[in-house]
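Structure record follows, encoded as structure tokens.
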Amino acid sequence: MLSRHASLIGRKEVFMGKAKFGIFGDGKELAQIAMARAFQLGDFRAGYYRDQTFMMALGELNIKAYFAQLYAHTSVELEPASAGRLMNGHFATRSLNKDGSWKELTAIYNSASDISPTAAQMPKLLGLAYASKIYRKNNWLKSQTQFSKDGNEVAWGTIGNASTSEGMFFESINAAGVLQVPMVVSVWDDAYGISVPNEFHTTKGSISEVLEGFSRTDSQAGIEIIRVNGWDYEALLNAYLKAGELARTTHTPVLIHVEELTQPQGHSTSGSHERYKSAERLKWEKDWDCNTKFREYILSNKVATADQLDQIEAESKAQVKQEKEAAWAAFSGEIKKELVVAVSLVTDAAQQSTRKVILEQMAQELSNTINPIRKDVITTVRKALIMLRFDSHKAKSKLKNWFEDQGSINFDRYNSHLYSQSEWNVLAVEEIKPAIDDKSPLVDGREILQSFFDKTLESNPAFFAFGEDVGKIGDVNQAFAGLQAKYGENRVQDTGIRECTIIGQGIGAALRGLRPIAEIQYLDYLLYGIQLLSDDLACLQYRTKGGQKAPLIVRTRGHRLEGVWHSGSPMGMILSSLRGMVICVPRNMTQAAGMYATLLKSDEPALVIECLNGYRLKEQMPSNLGEFTVPMGKPDILRAGKDITIVTYGSMCRVVLDAAMELAEIGISIEVIDVQTLLPFDVHGVIGESIKRTNRVIFADEDVPGGASAFMMQQVIEGQNVFKHLDSEPQTIAAKAHRPAYSSDGDYFSKPSVEDIVEQAYAMMHETDPKKYPAI
Ligand SMILES: Cc1ncc(C[n+]2csc(CCOP(=O)(O)OP(=O)(O)O)c2C)c(N)n1
Ligand SMILES: [Mg+2]
């Protein structure tokens with residue numbers, strides 16, 4: 001009843017203009033109460049926007065917090081799920097203490113932070129369930145109980161009927177069946193996805209019927225499929241208790257198809273369902289409303305009288321109203337306080353200004369705003385400061401100071417936590433140099449990684465790796481060769497070909513305190529997982545304002561090798577979509593090993609792109625593998641020079657170094673810089689300092705023109721104040737705009753070659769001094 005009235009009143013708040021949008025859980029209450037009964041401490045939920053009743057039933061969402069999110073209150077205390085950063089219906093618990101350290105997850109109810117894209121909760125759900133399996137099977141992890149008690153935790157997922165049409169749903173269900181993990185998925189079936197009925201979504205109109213082939217049998221593992229009606233409380237209770245028990249004890253995945261649910265108020269505040277539901281359907285929804293049916297059930301079983309139920313309803317309604325008002329007072333009161341200060345500061349400044357009348361008018365208008373938001377306050381102050389540009393008096397300084405203070409307060413409210421703000425952020429990891437001397441043996445690059453992974457598997461029980469061909473053969477380039485045999489299938493694991501759920505598996509496991517490496521076989525196939533990396537992992541810290549973290553390391557290999565789908569270097573795409581992750585682009589396997597060591601000491605998610613053509617190149621084996629760390633955001637100067645700085649990374653380092661040697665022979669001195677990590681990017685300004693010496697710069701890579709080379713240029717030219725030191729216009733060298741053609745000639749004519757770099761650098765010098773460097 002509380003939840004129902006929160007939905008009914010919530011919708012009104014939106015129509016009154018107090019919130020921008022609302023989506024509610026009415027019509028799905030009863031099933032969620034049953035689910036909450038089966039949910040235990042340490043369990044995890046990964047669901048979607050209909051789950052308010054479940055969260056309330058657990059005691060993880062109160063009415064005040066519910067409305068605080070509807071209004072977008074930026075307080076972590078009052079809106080712990082997202083501190084006002086997510087629209088309503090996005091639920092989460094806080095897994096982290098204020099300092100970013102883990103809470104005792106087995107002592108609390110846990111909900112992963114929701115995301116809006118339909119079905120995108122599914123891959124992470126798989127990972128949350130998979131973590132229980134890792135904890136149960138890995139003896140080394142048994143002694144610690146902060147994250148798991150012998151893998152007894154169930155991951156509970158929810159998804160709408162229409163969203164089951166997404167590929168991610170099917171991929172996750174299949175993977176759960178293969179992996180046999182304790183995942184219980186509820187499909188809330190209200191027969192619609194916004195306006196579109198089931199017949200357009202699902203073959204045979206029923207998701208449980210289509211999934212029948214996944215059903216377990218006496219002789220074969222599979223999925224338990226349960227069908228139940230969403231208005232039948234006893235059947236729901238039985239279904240959920242049975243599902244929970246089965247998943248918890250045997251790690252069998254379960255799908256509960258909850259049918260005959262309704263949407264009393266339609267999909268959301270964006271429109272009325274009367275536009276697309278028949279009068280007959282609307283009447284049916286009214287009659288079969290789960291709360292109405294529950295009332296009938298209570299009365300017929302004489303659990304309570306009609307009067308008692310009426311009283312509960314009246315009290316619930318009153319409580320929702322009261323708490324809603326308290327939430328509004330807290331939200332609007334904060335802004336009103338800021339408004340009062342701003343009005344008084346602008347008014348004071350007006351008294352001493354030649355623009356007195358207009359400034360007073362602005363203050364007055366701000367003062368009169370109905371339901372003011374922060375933007376109204378700050379906009380007025382900014383406009384006032386422009387008006388006051390010729391003024392210099394104390395009142396103006398006071399206004400300016402207040403505005404600047406608000407700038408940092410608002411930064412914390414709206415812009416903080418893109419990256420970890422804990423003591424374990426990557427920039428805080430201390431650099432330890434690799435121990436290499438004349439006697440260090442020369443080995444294939446892949447052996448360095450193999451040795452590193454071996455040491456790490458031995459020393460860190462939370463560390464494990466999985467991906468396509470990672471297990472038995474130790475990945476396609478053999479950096480895990482022999483390690484499954486040594487450490488077992490639960491530490492070095494093969495998966496199906498399913499990049500999206502490989503990422504989800506990693507996110508879920510990392511959310512539960514494990515340190516997985518999820519491998520994507522080739523960088524080109526990251527596209528299958530990039531939606532999830534972008535929508536879920538990269539923004540996790542941001543959207544929970546530091547309430548959750550998932551320090552997943554995604555390992556892949558890329559840049560040049562062969563052809564259209566094995567030579568990609570779409571770094572611009574990655575940089576644009578994965579802000580919030582660390583992006584490492586090691587030039588060789590020694591640097592890669594040092595970067596993994598750094599990442600494992602930090603609590604940030606990362607993508608590491610090894611050089612596909614580098615595994616068999618010789619490198620010297622450091623004697624302190626596992627200890628030495630490569631600092632993030634610190635470029636390496638690979639060759640000193642005085643004429644042109646060439647900034648690059650990854651496989652291009654070797655190409656640029658070769659070009660620098662040729663250029664040296666014709667009298668041009670190149671400084672070659674490897675950025676090492678694209679995010680974070682050169683935090684100490686190493687490149688800027690180099691440009692101050694050379695006064696010329698080229699940014700080179702093998703992405704498309706305007707991709708990561710343009711990103712690097714923007715970071716340096718805008719971020720490092722070097723424009724005034726440049727004697728030539730800054731340039732980029734990139735691959736062709738098309739994907740690389742096959743074979744060595746295809747590579748030569750598609751990707752930047754040594755000659756391309758030599759010629760472009762030479763042309764730059766020719767422009768500077770045509771006599772010394774005549775046209776070629
Ligand atoms: C990937 C993606 N596509 C489209 C949407 C827009 N959208 C939001 S909810 C929704 C309908 C979902 O229906 P269903 O899964 O049945 O859940 P219900 O709202 O009925 O509970 C759509 C199309 C989205 N959020 N994400
Ligand atoms: Mg639906």
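The values are calculated or read from the model by the stated rules, or taken from the named source; none is laboratory data. Please read all numbers here as calculations on a predicted model, not as lab measurements. Using ideal geometry, Cβ is built from the backbone for each residue, glycine included, and neighbour counts are taken over all protein chains shown. Only protein heavy atoms, including side chains, enter the accessible area calculation; ligands, DNA and RNA are left aside. Shrake-Rupley method; radii C 1.70, N 1.55, O 1.52, S 1.80 Å.
Things worth noting here:
- Within the range 48-75, the residues that satisfy the criterion of being assigned to a helix (DSSP H, G or I) and hydrophobic (A, V, I, L, M, F, W, C) are 54, 55, 56, 57, 58, 63, 65, 67, 68, 70.
- Residue match in the range 157-172 (condition: away from ligand 1 (no atom under 16 Å from the Cβ) and not small (Gly, Ala, Ser)): no
- Filter result (more than 23 Å from residue 249 (Cβ to Cβ) and among the acidic types (Asp, Glu)) within the range 206-235: 209, 212, 232
- Some residue of the range 66-75 being polar (S, T, N, Q) and closer than 29 Å to residue 292 by Cα: yes
- Reported count of residues in the range 207-227, each being open to solvent by 60 Å² or more (accessible area, probe 1.4 Å) and within 14 Å of ligand 1 (Cβ to nearest atom), is 0.
- Test: residue 62 is open to solvent by 10 Å² or more (accessible area, probe 1.4 Å), under 23 Å from the mean Cα position of the chain (by Cα), more than 16 Å from ligand 1 (Cβ to nearest atom) and at pLDDT 95 or above: no
- Qualifying strands (runs of 3 or more DSSP E) (wholly inside the range 156-275; at least 1 residues being under 26 Å from residue 113 (Cβ atoms)): 183-188, 254-259
- Answer from 537, 532, 449, 457 - the residue that is buried (at least 19 other Cβ atoms within 10 Å of the Cβ) and touching a Cys at 6+ places or on another chain (Cβ under 8 Å): 532
- Leading residue by the ranking (nearest to residue 339 (Cα to Cα)) among those in the range 372-393 that are exposed (fewer than 14 other Cβ atoms within 10 Å of the Cβ) and among the charged types (D, E, K, R): 375
- Among residues of the range 740-752 that are touching a residue at least 40 places away in the same chain (Cβ under 8 Å), those with a beta-carbon under 9 Å from a residue that is among the hydroxyl-bearing types (Ser, Thr, Tyr) and outside any loop (DSSP other than H, G, I, E, B) at least six positions away or on a different chain give the pairs 740/750; 741/750.
- Test: residue in the range 276-297 that is of a type in the set (A, V, I, L, M, F, W, C), over 41 Å from the mean Cα position of the chain (by Cα) and within 20 Å of residue 33 (Cβ to Cβ): no
- The range 116-145, residues that are open to solvent by 20 Å² or more (accessible area, probe 1.4 Å), of a type in the set (S, T, N, Q) and over 24 Å from residue 82 (Cβ atoms): 139, 143, 144, 145
- Sole exception among (1) touching a Lys or Arg at 6+ places or on another chain (Cβ under 7 Å); (2) open to solvent by 10 Å² or more (accessible area, probe 1.4 Å) for residue 103, by number: (1)
- Restricting the range 82-116 to residues that are more than 20 Å from residue 183 (Cα to Cα) and within 15 Å of the chain's Cα centre (by Cα), the residue that is farthest from ligand 2 (Cβ to nearest atom): 85
- Lone qualifier among 678, 663 - being part of a helix (DSSP H, G or I) and under 20 Å from residue 637 (Cα atoms): 663
- Members of the range 146-158 found to be more than 16 Å from ligand 2 (Cβ to nearest atom), open to solvent by less than 10 Å² (accessible area, probe 1.4 Å) and in contact with a Leu (Cβ under 6 Å, 6 or more places away or on another chain), listed by number: 155
- Residues (in a loop (DSSP other than H, G, I, E, B), within 16 Å of ligand 1 (Cβ to nearest atom) and not β-branched (Val, Ile, Thr)) located in the range 7-47: 20, 21, 22, 24, 25, 26, 27, 28, 47
- Filter result (away from ligand 2 (no atom under 11 Å from the Cβ) and open to solvent by less than 10 Å² (accessible area, probe 1.4 Å)) within the range 159-206: 169, 172, 173, 175, 176, 181, 182, 183, 184, 185, 186
- Unmet criterion (only one of (1) within 16 Å of ligand 2 (Cβ to nearest atom); (2) open to solvent by less than 20 Å² (accessible area, probe 1.4 Å); (3) in contact with a Phe, Trp or Tyr (Cβ under 6 Å, 6 or more places away or on another chain)) for residue 230: (3)
- Verdict on residue 551 being closer than 23 Å to residue 710 by Cα and in contact (Cβ under 8 Å) with a residue 12 or more places away in the chain: no
- So residue 477, is it farther than 19 Å from residue 595 by Cα, outside any strand (DSSP E or B) and open to solvent by 20 Å² or more (accessible area, probe 1.4 Å): no
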